[in-house]
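Okay, so here's the structure we're looking at.
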Amino acid sequence: MRLDQTQSVLLMIDFQAGLLPVIEGGEAAIKEAEWLAGIANTLQVPVWLTEQYPERLGGTAPTLLAGLGEHEVWQKLHFSSAEEPAFKKALAALGRQQVVICGTEAHICVLQSALGLLEAGYDVFWLSEATASRRPEEARLARERACANGAVAVTADMVAYEWLYRCDTATFKDVHRRFLKPRAAQKVRLF
């Protein structure tokens, strides 16, 4: 099954300031999520964030919010965002069936949200390099469990190119210039 920009939502779970200092790979996960959010905004894919009990864990990390662009924030008390009545209702009203999910902690709120969305009939895509936990082993096991239950593991590049679908449009050229080309240049190492 291929991702479709008109059917997708990018859901970022609990990238919160009070939690990130103890997350292994948290900053790298935020960078990856922020990069994909820039493409999502360009393609008019909704970007939603959740915050778990922000009174205790703080709000979304300022480093993520600074470059995020258009987004919507949902506060929650359930570990699964899919259990929050307002979130559930708004997602159903949006009419999109594909949820690209990432965030922290992978083995708690991201996993429970993914499982809840799968149970509700959504197609869930686990954004692997933008999902982290305190211990990497827990993040790996969470991805495996989500995928064993129907989620699909993806990378940000996979998502971006599937959303773009073709290379002969003005939108592709814009996204390539602003996001894809600079990213490719960062990954090239000269010896």
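The values are calculated or read from the model by the stated rules, or taken from the named source; none is laboratory data. Quick caveat, the model's predicted, so the values are computed rather than measured. Cβ atoms come from the backbone with ideal geometry, glycine included; neighbour counts cover every protein chain shown.
Evaluation of G67 against the conditions (1) under 23 Å from F179 (Cβ atoms); (2) modelled with pLDDT of 95 or more; (3) not hydrophobic (A, V, I, L, M, F, W, C) shows that the sole unmet condition is (2).
Residues that are assigned to a helix (DSSP H, G or I) and free of Cβ contacts under 8 Å to residues at least 40 places away in the same chain do not occur anywhere in region 3-20. If you go through region 62-106 and keep only what is crowded, with 21+ Cβ neighbours inside 10 Å, outside any strand (DSSP E or B), among the aliphatic types (A, V, I, L, M) and out of contact with any Asp or Glu (no Cβ under 8 Å at 6 or more places or on another chain), you end up with just L91. Evaluate region 45-57: report whether one residue or more is within 23 Å of M1 (Cβ to Cβ) and of a type in the set (S, T, N, Q). No: region 45-57 contains no residue that is within 23 Å of M1 (Cβ to Cβ) and of a type in the set (S, T, N, Q). Does at least one position in region 144-151 carry a residue that is loosely packed, with under 15 Cβ neighbours inside 10 Å, among the hydrophobic types (A, V, I, L, M, F, W, C) and part of a helix (DSSP H, G or I)? Yes, some residue in region 144-151 is loosely packed, with under 15 Cβ neighbours inside 10 Å, among the hydrophobic types (A, V, I, L, M, F, W, C) and part of a helix (DSSP H, G or I). Sort out which residues of region 131-142 are buried (at least 17 other Cβ atoms within 10 Å of the Cβ) and either assigned to a strand (DSSP E or B) or of a type in the set (A, V, I, L, M, F, W, C) (or both), and write them in order of number. The answer is T131, A132, A139, A142.
Yes or no, residue by residue, for (1) surrounded by 15 or more Cβ atoms within 10 Å (Cβ to Cβ); (2) of a type outside the set (A, V, I, L, M); (3) within 15 Å of the chain's Cα centre (by Cα):
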| position | (1), (2), (3) |
| --- | --- |
| L118 | yes, no, no |
| G121 | no, yes, no |
| E129 | yes, yes, yes |
| Y161 | yes, yes, no |
| C167 | no, yes, no |
| D174 | no, yes, no |
| F179 | yes, yes, no |
| A185 | no, no, no |
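So the check is Cβ under 9 Å with 6+ separation or different chains; which pairs have a first residue in region 150-167 that's within 21 Å of A28 (Cβ to Cβ) and a second one that's in a helix (DSSP H, G or I) and β-branched (V, I, T)? What qualifies is A156/I39; V159/I39; A160/I39; A160/V175.
Residue-by-condition table, conditions (1) buried (at least 22 other Cβ atoms within 10 Å of the Cβ); (2) more than 19 Å from L94 (Cα to Cα); (3) not small (G, A, S):
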{"residue": "R2", "(1), (2), (3)": "no, yes, yes"}
{"residue": "Q5", "(1), (2), (3)": "no, no, yes"}
{"residue": "V9", "(1), (2), (3)": "no, no, yes"}
{"residue": "P21", "(1), (2), (3)": "no, yes, yes"}
{"residue": "I30", "(1), (2), (3)": "yes, yes, yes"}
{"residue": "A33", "(1), (2), (3)": "yes, yes, no"}
{"residue": "L36", "(1), (2), (3)": "yes, yes, yes"}
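For E162, indicate whether it is more than 16 Å from G38 (Cα to Cα) and not hydrophobic (A, V, I, L, M, F, W, C). So E162 fails the test.
Checked against (1) touching a residue at least 12 places away in the same chain (Cβ under 8 Å); (2) closer than 22 Å to W48 by Cα; (3) of a type in the set (A, V, I, L, M, F, W, C); (4) assigned to a helix (DSSP H, G or I), V124 passes all but a single condition, namely (4).
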